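The values are calculated or read from the model by the stated rules, or taken from the named source; none is laboratory data. Since the model is a prediction, treat every value here as computed from it, not as a measurement. In this analysis, Cβ positions are derived from the backbone assuming ideal geometry, glycine residues included, and neighbour counts consider all displayed protein chains. For accessibility, only protein heavy atoms count, side chains too; no ligands or nucleic acids. Shrake-Rupley method; radii C 1.70, N 1.55, O 1.52, S 1.80 Å.
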Amino acid sequence: MNRFLILFILLFVTACGGQTKEELVQEGDRLQGSGNYRGAIVLYKNALEKDVNYLDARFGLANAYLKSGNFDRAEKEFQKILLQSPSEADILLKLATIYIQQNKPEKALLELDKYHSENHETVESLVLYGRAHGASGDLDSAENLFNRALSLDARAIDPRFNLAKVYLQKKNPDKAKSYLRELIGIKADEIPAYYLLAGIETRQGNLESALDTYRDLLAVDEKQLQALYMSGILQMDLGEMDAAHVTVDKLSRLFPDRAEGSRLKGMLFYRQEKFEEARVTLENSIQAEPHILSFFFLGLSYYGLNQYELALNQFQKALDLSPEFERARVLVAMTLLKQQRLDDAIMEIGKVLRGNPNNAYAHNILGSAYLAKGEYDQGMEELELATELDPHLADAHMKRGIFHLAQGEGAQGEADLIKAVEAAPEVMNSRLMLVTHYLRRENYSAAIETLNEGMNGTKADALLNNYLAAAYFSQKKTDKALAALEKAKQINPAYLTPYFNLASYYASESDYAGATAEYEQVLAIDDKNIRALLGLAALYNVQGRQEALDSVYRRIETTGSERGFVAAAQYQLKQQNPDEAMAIVDRGLTGYQNSKALLELKGALHMRRKEFAAAEAAYIKLSGVAPEAGNSLLIRLYLAGGQTEKAQQLVDGLLQSDADQDYPYLLASGLLTARKDFAAAGAVLEKGIATVKQPLRLQMQLGRLFEQQGDATKAEQIYRRVLAADPRFAPAHTALGFIKERNGLKREALELYKKAVVSDRRNVPALNNLAYLLADNFGAEKEALNYAMSAYRLQSNDPRVMDTLGYILVKNQRAGDALNLLEKAHQLLPQVGEVTLHLAMAKAQLGEKKAAAALLQPLADGNDDTLVKQVNALLKAL
C-alpha cells in the first residue's frame, strides 16, 4: 500500500478517536448526505466501536450499505436493528427493499405481510408490495396495489412511475406513456420519468417524440449527460446532422473528461461517411473509456475504409463485451463475406440465426454466402426465406434477381428485380439494378420508364437523371442525354457525377473547351477535387499544353491528398525531373508515412540513383504496410544486386510466417520462374492452391506459367476454372481475352474484355485492348474512343495506353489531338514498329508526308508480315 495512503488513514483514524459517538454519527450523516458512503461507513463503525448498542450508528451504517448497493451487509445490519428494537416497523420496509433489489420477491412479500399485519397501509408500503408482486410475475396484483397507493395520494410519484413500468410489461406502452406524462406534469424535475418515456418513444419508432422528451429534460437540467448523448444519436437517426454537431459540442464542453462526447462525435463522423475522422475520434474515445458502441462504430469505420481485418478486430472486441450483440455478429459475417471468407461468414451468421431464427437480414447474408460458394439451391432457399420473413427486404429480391439473370433466366430475374422495386420504391439500389438490367438487354424504353417512375422531386432525382442520360446516350438521343445531365446538375449541384459524364462526352467530341468547363465547375464546388484536376491534366496533355499541364500538376500537389502527391511525383518523373519527384515524395510522406504508393515511388527513385541501401530501407518499411508489395520489391532489389540467396531467404521466411496467405506462394513462384525452374514454380503454386482459402490469384499465376511454357490450352482450362468459382473475376476474363486475341478469335476476345470491364471499370489492360479491337477490327471508332480515354485517365504514363488512344484519335480523323500522345509513346517505345506506324499515320493525316515516310522506311523490310503490309500500303498512299 502507498505510504502516503497509510499515513492518511492513520491520521483519519486518529482524528476519529478524539470524537464522541454522537459527533461521529453526526459527521457520518453529513457524509452520507453528500454521497460519500465509504467515509460515512467508517465513521458509523467507529461510533459502534465506542458503543456496540448505539442504534443511531447502526441505523446509519445499514442505510449507508443500502445506498452504496452492498445489500448483503445492509440486510445484516437491519436484522441486528430488529433484534435490538423489534418495534421498528420501518425496518421491515427496508428489508423488503433489499430483497426486491436482490430479486428475492418471496422474501420481500413475507416482510411486507408482517408490516401490513401490524401497520396501516402507506404509499411507500403499497409501492413496495406492488414491486414485489411485479417481480414475482403477478402484474395484475402489482397494478392493483399501485392504484391503491394512488388512492392514498393522488399526486404521488412512485405509484405512477411503477404503473408505467407495469403497463410496459403488459405490452401497453401507450398507457405507460400517459402515466409518465401525468407524472412529469406533477413533478417536472422527475428525471427517471423522462428517460423511461423517451425510451418507450424510441422503441416505438417515434424518434421525433423521443427527441422532444430529451429536449424537455434538458430544459429542466442541461447537464443530463445521457439525455445529451441520446439526443445526438436521435438527431443523427433523423438526419439532423447540424443539430447533432451542436449537441456533440455541448456534450464535450459540459463533460470534457468523459468519453461520451468523443464517442458521439465519432459516430457522427461515421454517419457522414467521414470514415478517417471517425476512426481517429473513436480511437481517442476508447482510450478514455472502452465502450461497446465505440468498438462497434470503429469497426464500421474501418469497414468504410475497406480495412476489413481491422474492422473484424473491432467487431470482435464489441462481442467480447457482449456476446449477444447481434448487430456486431451480423457485421462480422458481412465483413467475412466481403473478404470472400465464405465458410467463416456462414459460421458466424449461423450463430445469429440460432439466437434469432427469424432475422430476415441474416438469412439474406447467408443466402449471399451460399451463392458466392456456388451452392445455388441453398442460396436461393435462404433468400426466399428472407423475403418471406420480410417482404420489404428489397435487397434479397434484388439478389435473387441477379442470380436468375446470371443463370440466363431473364424473365424470372426481371420479375424479382421488379419485386425489389415494388417492395421498397424508395430504395435506389433495387431500382437502379432493374434499370441496369434493362440497359444491358437494350430495353431502353423500360429503363427510361422505371427511372421516370422513381422521380419524386427530391435530390435523389439527380441520380436518376444521370442514369436517364445513359439510357438516352444508348439510344443515340444525345440532346436528351445532355439535357438529363444538365437537369441532374440543376437538381443537386453538389452531385458531381453528371459533370464528369459531360466532361467525358465533350472530350470524346474534341470539345476540349466544353470538357474543361465541366471540370472547372467541379473545382468551383470542390477546389481540391483530385479527379477533376487529373481530368484537366489529361485534356492539357492531349492538347500538348505544357504550361497549363505544369500548372495543373502544381494544383494537384497542393490538394494535400495522398493521390495528389503520387500523381505530381509521377509527372515530374515523366518530365525527367527525378530530384523534384523525390522532393514531392518526401513532402507527401510527412503526412502519409505509411502510403504504399509513395513508399514504392521512394524506393524506385532511390533505385534510379543506384542508392540501393536507401531503396532497401524504403521497401522494408513498405513491407510493414503492404507485405506483398514491399516484399516483392525487396526480392527484385536483391535479384538486381545479385543477392539471390538473400531473396530466397526472404521468400522461405514468408512461406513459414504467412503460409495461410496467397502472396508468399506468388513470390516464391516468381523467384523460381525467374530461374526458369517452371516445374518447381508450378509445384509451389499447386501447394498454395491446396492451402489457402481463396486461391484465385494463385490459379491465375499458374495459368500464366503454362502460357509462358506455350501451353495456352492448359492455361485456358485454369482460367475457366477460376471463372467457375467467381464469374465476375475480371483478371480471368482479361487473360482469356488475350489468348483469344492471339489466336485470331477477335469477337470472342471482344466479349471477354467487355465482361472484364463490366466487373472492373479500372481494368486498364482490358479497357486498352477493348478500345483497340473496337477501332481496328470492328469499325467502332467512336465507342473505342470512350474506352481508350478511360484507360488513359487511369494510367496516363503507360506508353501503350498513349499509343492506343493516339491511334484511335487518328481513326477518328483527329490526328492533331493524337500527335503529342504518339510522339511520347514513340519516344518511350522506339523499337515497337506498331507505335512507329501509328505516329506515321498521324503525320500523314496532318500532311507531313516526308516525316511520315522517314518513320516508315526502316519498317518496310521487317519480319512482321502484317506490319510490313500496313507500312507499304501507307508508303504507297503518301
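Tabulated data
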quantity	calculated
Efficiency of FRET from Cβ geometry, residue 525 and residue 441, R₀ 35 Å, rounded to 0.05	0.50
Ratio of the Cα radius of gyration of segment 550-622 to 2.2 N^0.38 Å, where N counts its residues	1.02
Loop-resident sites, segment 669-733, for trypsin sites (Lys or Arg not before Pro), counting at most 16 other Cβ within 10 Å (DSSP)	675, 676, 693, 728
Members of 21/223; 824/876; 621/687; 574/693; 250/317 lying beyond 32 Å, as alpha-carbon distances in this model show	21/223; 574/693
For segment 102-137 versus segment 463-494, the gap between their alpha-carbon centres in whole angstrom	72 Å
P(r), alpha carbons of segment 639-769 - 10 Å bins starting at zero, rounded %	13, 37, 32, 16, 2
Cα pair count fraction exceeding 18 Å, expressed as % - segment 173-269	44 percent
Segment 745-802: C-alpha gyration tensor shape, a/c 1.5 cut-off, then a/b vs b/c	oblate
Net +/- balance of residues flanking residue 858 in space, Cβ distance below 14 Å, scoring K and R +1, D and E -1	-3
Residue-normalised accessible area of the chain, given per residue in Å² at a 1.4 Å probe	49 Å²
Extension gain (nm, one decimal) between residue 577 and residue 725, 0.36 nm per residue minus Cα-Cα	48.7 nm
Label point at residue 745 placed 7 Å out along Cα→Cβ; residues across segment 752-780 whose backbone nitrogen lies under 13 Å	752-753
Segment 280-375: GluC sites (Glu not before Pro) in DSSP loop, at most 13 other beta carbons within 10 Å	324
Surrounding net charge for residue 557, when Lys and Arg each add one and Asp and Glu each subtract one, Cβ distance under 13 Å	+1
For segment 463-506, Kirkwood radius (reciprocal of mean inverse C-alpha pair distance, Å)	9.9 Å
Sites residue 89 and residue 20, calculated FRET efficiency, Cβ-Cβ separation with R0 25 Å, nearest 0.05	0.25
Dimensions in Å of segment 548-697 - Rg and Dmax from alpha carbons	17.7, 54
Descending semi-axes in Å of segment 86-167, equivalent ellipsoid built from Cα gyration tensor	19, 15, 10
Shape box of the chain [Cα atoms, principal axes, largest first, Å]	126, 66, 52
Rg followed by Dmax, in Å, when segment 611-654 is reduced to its Cα trace	9.5, 26
Summed side-chain charge close to residue 259 - residues other than residue 259 whose Cβ falls under 11 Å, Lys, Arg +1, Asp, Glu -1	0
